[in-house]
Amino acid sequence: MKKPYEAPNLVRLKTGGMNKFGGKPFYLKRVRKEIGGAKIDDLIEQFGSPLFVYSEAEIIERANKLKSSFSTRYPNVQFGWSYKTNYLSAICAVMHAQGALAEVVSGFEYQKARALGVPAHKIIFNGPFKRIEDLRLAVNEGAMIQIDHLDEVYDLEALAEERGQQISVAIRISMDCGIYPQWSKFGFDLEKGMAEEAVKRIQAGGKLTIRGLHAHIGTYVMEPQAYATQITKMVAFGYRLEQEWGFEIEYYDIGGGFPSSGRLKGVYLPPEVGVPTLDSYAEAICEALLGALQPGHFPKLILETGRAMIDDAGYLITSVTSSKRLPDGRRAYIVDAGVNILYTTYWFRHNLELAQETEGLNEPSVVYGPLCMNLDVLDEACLLPRLERGAKLVLSPVGAYNHTQSMQFIEYRPASVLVTPQGQGELIREREDLSDIQRREVLPDRLKLR
């Protein structure tokens with residue numbers, strides 16, 4: 001078969017060392033032919049492209065590493081799985097099988113956890129917006145409710161009066177831990193005295209009893225000592241609650257925020273150099289906690305891990321649908337996965353791997369998604385060999401926030417697959433079709449085509 005003619009193209013080579021503002025484009029010669037023992041070609045043949053793939057073995061390995069890092073340093077640790085990070089039922093079920101509580105931030109997520117069989121007393125109910133009907137259900141079923149603001153205090157007091165008994169709660173506090181911007185949207189500020197005023201108000205009401213303290217200082221926090229500062233301040237305030245107001249603090253929930261191996265755009269150091277180890281976080285937190293607690297006192301330490309648990313276990317396989325030459329000389333590839341399903345590409349430079357051996361020289365390239373939008377770019381500066389139509393690319397890590405924040409926009413959302421520890425691909429979410437989009441729509445009779 002005669003090959004299509006393409007005019008020769010001259011590209012100016014740009015050399016130079018790394019600097020604090022970034023570096024040269026990535027050379028792509030890495031090849032990944034399988035995920036968790038399942039061959040990529042087989043997965044695409046069975047489930048189609050694009051395709052989200054999660055490795056169950058990697059999830060379990062990460063969960064065990066987190067548990068080991070903390071439980072070997074502190075005797076009373078409990079992990080909670082952050083539903084908003086990825087609430088695919090199969091993913092949540094794997095996390096619960098590893099002993100994780102359900103940490104939810106809405107009535108929808110609460111209902112999701114209950115539908116999966118999670119008992120209410122193993123659900124942490126967070127978030128700045130809890131409808132009164134959601135609070136009533138959570139209270140009646142015995143969930144762990146963490147108060148975010150005074151209006152929630154009023155709602156819970158009304159429910160306590162309705163029930164004729166006190167309700168056990170925790171309160172969320174915010175504080176300066178050296179991480180900026182400070183997440184002041186959530187909870188009661190500690191340094192400004194707002195947390196103290198909230199405690200006084202709760203005690204005066206007499207309808208609620210405080211059993212825990214919660215704080216979440218940020219996301220992708222790269223400084224372990226920030227958590228040491230956090231837990232030290234929380235314990236000091238907890239002892240004040242016991243000594244001055246008579247509340248017995250049973251647990252300290254320090255939220256999540258641990259990073260994955262994802263590379264943030266604009267960050268100089270690669271993740272394997274710049275991201276602290278899990279042991280670094282565990283050492284800083286547990287050392288500070290033991291130093292702040294009174295001898296022989298070991299309240300429960302709760303962590304609401306999300307990204308650190310799932311991100312590295314998630315992959316997106318996508319296929320080249322076409323290519324073209326851009327005016328500046330770079331080659332552009334159009335693939336079948338876009339920013340509508342890979343939301344985090346706005347902030348992260350994902351690892352890009354070939355799913356097959358490919359001969360040829362690397363050249364400056366751009367990888368675009370299929371959407372009719374100029375900002376639909378998965379990688380704006382990579383060096384790729386010449387890829388034929390149908391070639392497969394693998395992006396990672398993508399396990400955190402991409403499924404939950406994906407949207408049906410121009411293209412349907414793809415299927416999701418869980419690869420078992422035995423290397424078998426199991427469908428955990430079907431590919432969407434038109435019926436999924438139109439099921440909730442109502443077309444008035446007067447607008448129907450005759």
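Before moving on, here are some points about what is shown:
- Counting only residues that are more than 13 Å from PHE52 (Cβ to Cβ), among the charged types (D, E, K, R) and within 14 Å of the chain's Cα centre (by Cα), the stretch 297-324 holds 3 of them.
- Single residue of the stretch 66-75 satisfying the filter (in contact (Cβ under 8 Å) with a residue 60 or more places away in the chain and crowded, with 16+ Cβ neighbours inside 10 Å) that is nearest to ALA355 (Cα to Cα): LEU66
- The stretch 172-212 - residue that is more than 19 Å from MET144 (Cα to Cα) and basic (Lys, Arg) and, of those, nearest to the chain's Cα centre (by Cα): LYS185
- Some residue of the stretch 88-106 being in the same structural domain as THR209 (by TED's automatic domain parsing) and either modelled with pLDDT under 95 or of a type in the set (Lys, Arg) (or both): no
- Considering each residue of the stretch 385-397 in turn, at least one proves to be assigned to a loop (DSSP other than H, G, I, E, B), within 21 Å of the chain's Cα centre (by Cα), surrounded by 18 or more Cβ atoms within 10 Å (Cβ to Cβ) and of a type outside the set (D, E, K, R).
- Selection within the stretch 356-380 - closer than 19 Å to ASP336 by Cα, in contact with a Gly (Cβ under 9 Å, 6 or more places away or on another chain) and in a strand (DSSP E or B): TYR368, VAL377, LEU378
Residues are listed down the side, and each one gets a yes or a no for (1) loosely packed, with under 14 Cβ neighbours inside 10 Å; (2) aliphatic (A, V, I, L, M); (3) free of Cβ contacts under 8 Å to residues at least 24 places away in the same chain; (4) touching a Leu at 6+ places or on another chain (Cβ under 6 Å):
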| residue | (1), (2), (3), (4) |
| --- | --- |
| ASP376 | no, no, no, no |
| ARG431 | no, no, no, no |
| ILE437 | yes, yes, no, no |
| PRO444 | yes, no, yes, no |
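- Test: residue in the stretch 43-59 that is under 30 Å from LEU289 (Cα atoms) and not polar (S, T, N, Q): yes
- Every test in (1) assigned to a loop (DSSP other than H, G, I, E, B); (2) assigned by TED's automatic domain parsing to the domain that holds GLY80; (3) on the phi < 0 side of the Ramachandran plot is passed by LEU303 save one, and that test is (1).
- Members of the stretch 306-332 found to be in a strand (DSSP E or B) and of a type in the set (Gly, Ala, Ser), listed by number: GLY314, SER319, SER322, SER323, ALA332
- Subset of the stretch 148-186 [outside any loop (DSSP other than H, G, I, E, B), closer than 16 Å to ILE202 by Cβ and of a type outside the set (A, V, I, L, M, F, W, C)]: ASP151, GLU152, TYR154, ASP155, GLU157, GLU161, SER168, ARG172
- Residue tally, condition over 20 Å from ALA215 (Cβ atoms), buried (at least 17 other Cβ atoms within 10 Å of the Cβ) and small (Gly, Ala, Ser), over the stretch 96-137: 3
- Pairing each residue of the stretch 237-264 that is closer than 18 Å to ARG62 by Cα and not assigned by TED's automatic domain parsing to the domain that holds LYS65 with any residue that is among the small types (Gly, Ala, Ser) and in a helix (DSSP H, G or I), provided the two are 6+ apart or on different chains, yields no C-beta distance under 6 Å.
- Residues within the stretch 238-290 that are more than 30 Å from VAL169 (Cβ to Cβ) and either over 21 Å from the mean Cα position of the chain (by Cα) or aliphatic (A, V, I, L, M) (or both), tallied: 8
- Of the residues making up the stretch 101-127, those that are within 21 Å of ILE167 (Cα to Cα), without any contact (Cβ under 8 Å) to a residue 60 or more places away in the chain and of a type in the set (D, E, K, R) are ARG114, LYS122.
The values are calculated or read from the model by the stated rules, or taken from the named source; none is laboratory data. Bear in mind the structure is a predicted one, so any value in this text is a computation, not a measurement. Backbone-built Cβ (ideal geometry, glycine too); neighbour counts: all protein chains shown.
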